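These notes are about the structure you will find just below.
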Protein chains: 2
Amino acid sequence: MADVAERAGVSPSTVSRTLRGLTSVSPQVRTRVEEAARELNFAISRQASSLVTGRTGVMAVLVPTLDSWFMGAALSSLGPLLRGAGMEMTVYVVPDLAERAEFFERLPARRNADALLVFCFDLNKEETARLDDLGVPVIYISQHVEGRPSVYVDDVAAACRATRHLINLGHRRIAFAHTVNARGFSFSSRDRLLGYRQALTEADIPLDDDLVVTTPPRDKRGTTQAVGNLLSLREPPTAIFAEQDELAASLILSLRTVQIEVPERISVLGFDDQLMAEWLDLSTVAQSPSDMGRAAAELALELINDSDADLSQHIVLPTHLIPRGTTAPPPAPQGEREGNSPAEGRNA
Amino acid sequence: MADVAERAGVSPSTVSRTLRGLTSVSPQVRTRVEEAARELNFAISRQASSLVTGRTGVMAVLVPTLDSWFMGAALSSLGPLLRGAGMEMTVYVVPDLAERAEFFERLPARRNADALLVFCFDLNKEETARLDDLGVPVIYISQHVEGRPSVYVDDVAAACRATRHLINLGHRRIAFAHTVNARGFSFSSRDRLLGYRQALTEADIPLDDDLVVTTPPRDKRGTTQAVGNLLSLREPPTAIFAEQDELAASLILSLRTVQIEVPERISVLGFDDQLMAEWLDLSTVAQSPSDMGRAAAELALELINDSDADLSQHIVLPTHLIPRGTTAPPPAPQGEREGNSPAEGRNA
DNA sequence: TTGAAAGCGCTAACAC
DNA sequence: GTGTTAGCGCTTTCAA
């Protein structure tokens, strides 16, 4: 910077003012400085400036993985948005409990970011408290934390509506498939199961734990086995609600492998509306991770700038049921009908 | 830090030494300092320390998007590896040409990172030169840049082998499907086309531009249309080599929609071996983005520490042809046979 | 509108 | 093994 100042024949302060776009610089000086900076290929060191301003210009992002549709979409939308605000994005990938313990022990984001975006972690009280005294705003995405800024969809309601869709089609034996996650990374999954149960209860359909199956994530064999378990039940399901599209896709392919047509014999309903849902013509519940990312980033920027902004606001984004080709009425009418709620046609 | 020093009854230097894990601290003092640091919830400011050490502790990563299988896998493996080396990862998402121009204009990584990992960009000379004078090592991933450290797979050879697999099965009308990318983001795609052409030429199969189709990325309609174009050719293909699994998946579903069985009527071969390949039982060429990420990170760390390390080494990672259920011999023997190369059975 | 000087929080070189 | 001191590159008073 001293070099630039010398070359432009001004003081370092003036160079600083110019490069930060302050107005209190005469046009001629401004041109001279900018030219010198360009010639010397100069860029301000964030390290040095943040040392004095107290701002790092960094948005920290905590994610369990980047290898998922949700994270990819959410963070891709984040990047350009932050750039617009002059911020950079540093990403902490914390895939398992060991890394997680270490993260919370060392808390590397402390003093090294202006805000922290926490994605998809099911934090315990202690962890939340630890983040609280990070000294910067912490925004929770795809999870709701009491009294802290959060951005999420109402998974319970969405799953409930989705399940009702199946009920309204005439299904009464409805399975719920979810993936086992490492403990502490599965907020939405739990809520979706709640929604499923709620819909069944409302429709007076008895809950049957045999209909709730669990598979390891992204495991073809596990899915096949789950399908086998469901089919070998005395009264097998006529519909399966999968907690995620990926799982739904896997289920459909497993079912077709054993010559069970979807939706003729069994309906399958997903959650997410990611790309493969359209390809597979999969009925699903749409949510938009990029909207969530954007909302979270905007909220974070607001909290950074207004130190006295509302720290406990929750942004609940909408979901949409998208009926496609994998859900249809069950193959043969099930005997009992009496419990059917009279309202709500098929337009759940 | 001064607070910690005071609380522990030592000087700031000692605190610094302790927290950096230097050995020249007596055990008792070390315990006292660590305790004080914990009690005060103190963490070192990277900003301040990098100002004096000249190291930022940051690995910058330049990617076109995060919303893709390749990036997700590559960066997920990167995170923990960097953490192990005490580094953080800041990600620059540069999705289009406008953002790209701005990135290269401002070069925000300058002085704010110890190394830069450039993923999947097909850079021009000027851009490469601009990165050269960034002052830190720049590693190119999934692309080869002459004289610069690069990590990639041999797309030409892999595509050639893959095409030979189809030829060896008896196919002679082989289509190549690729996605249109924004100019400058499509290094591998180009190389895979080259490999395809090379294999055909070696087998004396005439190149036919009608067999090379292009679709917008992730566009169902575009795929459907491409399939339509291929099927309406006077002599339609009996096999399609898709530049990526995603595209292959989309093609298969399009084909099945119009009642064309895969592989009975048309074989489909992908590239990547991502999750959906296994699900769809898709024959494909496997590459490992996480290995590429790891190799790149290790190379970067080496270049950071050895200023005189070999700056032009290229790491070429292996690919594997994985024949699964979507490739089979063509339905009916094609008339002409004379051009067949005698070598190489079916074990391409 | 510009410059001089102080200092942000840390580390490194040197003394003890 | 520990403390003292100078200074990394910037921004920010304050004075001119």
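The values are calculated or read from the model by the stated rules, or taken from the named source; none is laboratory data. It should be emphasised that the depicted structure is a prediction, and the values quoted were computed from it without experimental measurement. As a convention, Cβ positions derive from the backbone with ideal geometry for all residues, glycine included, and neighbour counts pool all protein chains shown.
Is the range B:4-11 home to any residue that is within 10 Å of DNA strand D (Cβ to nearest atom), assigned to a helix (DSSP H, G or I) and either more than 30 Å from B:Ala300 (Cα to Cα) or of a type in the set (A, V, I, L, M) (or both)? Looking for residues that are within 10 Å of DNA strand D (Cβ to nearest atom), assigned to a helix (DSSP H, G or I) and either more than 30 Å from B:Ala300 (Cα to Cα) or of a type in the set (A, V, I, L, M) (or both), one finds at least one in the range B:4-11, hence yes. Across the range B:15-31, the number of residues qualifying as over 18 Å from A:Pro108 (Cα atoms), at pLDDT below 90, more than 10 Å from DNA strand C (Cβ to nearest atom) and not aliphatic (A, V, I, L, M) comes to 1.
Would you say B:Leu82 is under 30 Å from A:Glu105 (Cβ atoms) and within 21 Å of the chain's Cα centre (by Cα)? The answer is yes for B:Leu82.
Conditions tested, residue by residue: (1) under 29 Å from B:Leu193 (Cα atoms); (2) among the polar types (S, T, N, Q).
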| position | (1), (2) |
| --- | --- |
| B:Leu107 | no, no |
| B:Phe121 | yes, no |
| B:Val136 | no, no |
| B:Gln143 | yes, yes |
| B:Val151 | yes, no |
| B:Asp154 | yes, no |
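Against the condition more than 16 Å from DNA strand C (Cβ to nearest atom) and at pLDDT below 90, how does A:Pro64 come out, does it pass? So A:Pro64 does not fit the description; no. Taken residue by residue, the range A:42-50 has no member that is assigned to a helix (DSSP H, G or I), more than 18 Å from B:Thr90 (Cβ to Cβ) and away from DNA strand C (no atom under 11 Å from the Cβ). In the set (1) crowded, with 22+ Cβ neighbours inside 10 Å; (2) under 20 Å from A:Glu246 (Cα atoms), the condition left unmet by A:Leu193 is number (1). Of all residue pairs spaced 6 or more apart or on separate chains, those with beta-carbon atoms under 6 Å, a first member in the range A:33-45 that is more than 7 Å from DNA strand D (Cβ to nearest atom) and a second member that is assigned to a helix (DSSP H, G or I) and charged (D, E, K, R) are A:Ala36/A:Arg7; A:Leu40/A:Asp3. Inside the range B:52-87, residues that are among the basic types (Lys, Arg) and either within 16 Å of DNA strand D (Cβ to nearest atom) or assigned to a loop (DSSP other than H, G, I, E, B) (or both) make up a count of 1.
Entry remark, the range B:256-292: residues being surrounded by 22 or more Cβ atoms within 10 Å (Cβ to Cβ), of a type outside the set (D, E, K, R) and either touching a helix residue (DSSP H, G or I) at 6+ places or on another chain (Cβ under 7 Å) or closer than 19 Å to B:Ser68 by Cα (or both) number 17 in total.
Whether a residue is more than 8 Å from chain B (Cβ to nearest Cβ), free of Cβ contacts under 8 Å to residues at least 40 places away in the same chain and of a type outside the set (Asp, Glu) was assessed, and A:Val91 does not pass this test. Selection of first residues in the range B:1-26 that are of a type in the set (Lys, Arg) and of second residues that are assigned to a helix (DSSP H, G or I) and near DNA strand C (Cβ under 7 Å from one of its atoms), restricted to Cβ pairs under 9 Å at least 6 apart or on distinct chains, gives the following pairs, ordered by first then second residue: B:Arg20/B:Ser49. When the criteria are applied in full, B:Pro12 meets the requirement of being within 8 Å of DNA strand C (Cβ to nearest atom), more than 16 Å from A:Arg110 (Cβ to Cβ) and surrounded by fewer than 18 Cβ atoms within 10 Å (Cβ to Cβ). Pairing residues of the range A:133-144 that are more than 14 Å from chain B (Cβ to nearest Cβ) and farther than 13 Å from A:Leu299 by Cα with residues that are small (Gly, Ala, Ser) and part of a strand (DSSP E or B), at Cβ distances under 9 Å and at least 6 apart in sequence or on separate chains, gives A:Ser142/A:Ser150; A:Gln143/A:Ser150; A:His144/A:Ser150.
Check the range B:20-28 and report whether any residue there is farther than 28 Å from B:Gly135 by Cα and at the interface with chain A (Cβ under 10 Å from one of its Cβ atoms). The answer is no; no qualifying residue exists.
Residues that are small (Gly, Ala, Ser) and within 7 Å of chain B (Cβ to nearest Cβ) within the range A:60-82 comprise A:Ser68, A:Gly72, A:Ala73, A:Ser76, A:Gly79, listed in sequence order. Close contacts from the range A:98-122, counting a first residue that is touching a residue at least 60 places away in the same chain (Cβ under 8 Å) and more than 10 Å from chain B (Cβ to nearest Cβ) and a second that is in a helix (DSSP H, G or I) and among the aromatic types (Phe, Trp, Tyr), with Cβ to Cβ under 9 Å and a gap of 6+ residues or different chains, come to A:Cys120/A:Phe70; A:Cys120/A:Phe187; A:Phe121/A:Phe187; A:Asp122/A:Phe187. Taking the numbered list (1) assigned to a loop (DSSP other than H, G, I, E, B); (2) under 20 Å from the mean Cα position of the chain (by Cα) in turn, B:Asp308 passes all entries but (2). Restricted to strands (runs of 3 or more DSSP E) entirely inside the range A:88-178, those with at least 3 residues that are within 27 Å of B:Ala109 (Cα to Cα) are A:88-93, A:115-119.
Taken over the range B:313-328, the residue count meeting the criterion of being closer than 23 Å to B:Ile266 by Cβ and in a strand (DSSP E or B) is 2. Scanning the range B:32-41 for residues that are in a helix (DSSP H, G or I) and within 12 Å of DNA strand C (Cβ to nearest atom), we see that the one that is farthest from the other protein chains (Cβ to nearest Cβ) is B:Val33. Apart from one condition, A:Val61 fits all of (1) touching a helix residue (DSSP H, G or I) at 6+ places or on another chain (Cβ under 6 Å); (2) crowded, with 19+ Cβ neighbours inside 10 Å; (3) of a type outside the set (D, E, K, R); (4) touching a residue at least 12 places away in the same chain (Cβ under 8 Å); the exception is (1).
When you check B:Ala85 against the structure, is it surrounded by fewer than 23 Cβ atoms within 10 Å (Cβ to Cβ) and away from every other protein chain (no Cβ under 12 Å), yes or no?
Answer is yes for this residue.
Among the residues of the range B:179-228, the ones that are touching a residue at least 24 places away in the same chain (Cβ under 8 Å), outside any loop (DSSP other than H, G, I, E, B) and polar (S, T, N, Q) come to 8 in all.
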